[in-house]
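Below: one structure, written as structure tokens.
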Amino acid sequence: MIIDSHQHFWKYNPVRDAWIDDTMEVIRKDFLPKDLKPILEKNGVGGCIAVQADQSEEETNFLLECARQNPFIKGVVGWVDLTDEQLESRLAHFASDPLFKGVRHIVQAEKEDYLLREDVQKGISKLAKHKLTFDILIFPHQLPAAIQMVEKFPEQQFILDHIAKPNISAPMNNIWKDQITALSKCKNVSCKLSGMVTETENFVFSDEVFTPFMDHVFTSFGANRVLFGSDWPVCLLAADYTKVFALINDYLEQHSAKTKAQVLGINAINIYNL
């Protein structure tokens, strides 16, 4: 089964979703399971993982309800406050739902040392007990903190989102390259081939521009720690779902059938315990 390891749902709210600004008109509307299901079917994708886009338990509950009502949603990566004094009970509450697979915080909006904060690390230390993953959403300048953090928690399963959002349109940055290599040396970290089309200049690109970045991710993480993710509907700013899927699928043609199966589904099933 092909699994899209990274997509979002929301009922658009202009106040809550203020990050969707005037330049993002195409995604300033509702995106619900009924909208995604036919797109997945068209592309032969059998299931997906819904990932948080808002920092609220309200949204986590919304995503879990979407998953309960739509069997093609195989899991939810939700949000809980990692610094909450009641975190243990909140994790126990959400982890009691078998569809709740992991936690994400929008670290890219935080200061450079956010992942090194004592209160944040105390929260992250509680996830493994509940068999929950942690998705790392960061910009390249936050990679050093991420490396230090993942080294501290070898029993915790981490997944890097969007290959840490390098500038795809520019020549590959050697600092990003070296830090991705360093991060990958921690075997508890995987990486999503996702969110790349929206890291291009003015959302204009040729297909081959992604190849060196994907090559480096594969060289670093290996076939059993790379996952396909569409980042739908955010990807619509730059490309439709079919195009995003084709970019990954076509790239994988150079690899074995086993590797292709791993990246397109098996790894997501294993890493997120679907």
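With out of contact with any strand residue (DSSP E or B) (no Cβ under 9 Å at 6 or more places or on another chain) and farther than 24 Å from residue 268 by Cβ as the only criterion, which of 41, 25 stands out?
Only one candidate qualifies: 25.
Within the range 83-106, work out how many residues are assigned to a strand (DSSP E or B) and closer than 18 Å to residue 122 by Cα.
Total meeting the criteria: 4.
Of these, 172, 196, which one is surrounded by 21 or more Cβ atoms within 10 Å (Cβ to Cβ) and among the aliphatic types (A, V, I, L, M)?
Only one candidate qualifies: 196.
Please count how many residues of the range 24-34 are free of Cβ contacts under 8 Å to residues at least 40 places away in the same chain and in a helix (DSSP H, G or I).
2
Looking only at the range 140-168, how many residues end up being of a type in the set (Lys, Arg) and either buried (at least 22 other Cβ atoms within 10 Å of the Cβ) or farther than 18 Å from residue 103 by Cα (or both)?
1
Let me spell it out: the conditions are (1) of a type in the set (Lys, Arg); (2) touching a residue at least 24 places away in the same chain (Cβ under 8 Å); (3) in a loop (DSSP other than H, G, I, E, B), and residue 74 meets all of them except one. Which number is the exception?
The failed condition is (3).
With the condition kept exactly as written, say whether any residue in the range 80-95 is within 23 Å of residue 195 (Cα to Cα), in contact (Cβ under 8 Å) with a residue 60 or more places away in the chain and touching a Leu at 6+ places or on another chain (Cβ under 7 Å).
Scanning the range 80-95, I find no residue that is within 23 Å of residue 195 (Cα to Cα), in contact (Cβ under 8 Å) with a residue 60 or more places away in the chain and touching a Leu at 6+ places or on another chain (Cβ under 7 Å), so the answer is no.
Suppose the filter is out of contact with any Cys (no Cβ under 7 Å at 6 or more places or on another chain), in a loop (DSSP other than H, G, I, E, B), surrounded by 14 or more Cβ atoms within 10 Å (Cβ to Cβ) and among the aliphatic types (A, V, I, L, M); does residue 45 pass it?
Considered against the rule, which asks whether it is out of contact with any Cys (no Cβ under 7 Å at 6 or more places or on another chain), in a loop (DSSP other than H, G, I, E, B), surrounded by 14 or more Cβ atoms within 10 Å (Cβ to Cβ) and among the aliphatic types (A, V, I, L, M), residue 45 comes out as yes.
Is it the case that some residue within the range 121-141 is farther than 24 Å from residue 174 by Cα, without any contact (Cβ under 8 Å) to a residue 40 or more places away in the chain and aliphatic (A, V, I, L, M)?
Checked the range 121-141: at least one residue is farther than 24 Å from residue 174 by Cα, without any contact (Cβ under 8 Å) to a residue 40 or more places away in the chain and aliphatic (A, V, I, L, M).
Does any residue of the range 94-105 turn out to be over 26 Å from residue 270 (Cβ atoms) and either in contact with a Phe, Trp or Tyr (Cβ under 7 Å, 6 or more places away or on another chain) or modelled with pLDDT of 95 or more (or both)?
So far as the range 94-105 goes, no, none of its residues is over 26 Å from residue 270 (Cβ atoms) and either in contact with a Phe, Trp or Tyr (Cβ under 7 Å, 6 or more places away or on another chain) or modelled with pLDDT of 95 or more (or both).
Can you tell me which of 203, 158, 210 is over 20 Å from residue 230 (Cβ atoms), of a type in the set (Phe, Trp, Tyr) and out of contact with any Pro (no Cβ under 9 Å at 6 or more places or on another chain)?
On inspection, the qualifying residue turns out to be 158.
Yes or no, residue by residue, for (1) in contact (Cβ under 8 Å) with a residue 60 or more places away in the chain; (2) charged (D, E, K, R); (3) over 28 Å from residue 37 (Cβ atoms):
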| position | (1), (2), (3) |
| --- | --- |
| 185 | no, yes, yes |
| 203 | no, no, no |
| 238 | no, no, no |
| 241 | yes, no, no |
| 246 | no, no, no |
| 249 | no, no, no |
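The values are calculated or read from the model by the stated rules, or taken from the named source; none is laboratory data. Bear in mind that the values here come from a model prediction, so they are computed numbers and not experimental data. A quick note on method: Cβ atoms are made from the backbone with ideal geometry, for glycine too, and the neighbour counts reach across all protein chains shown.
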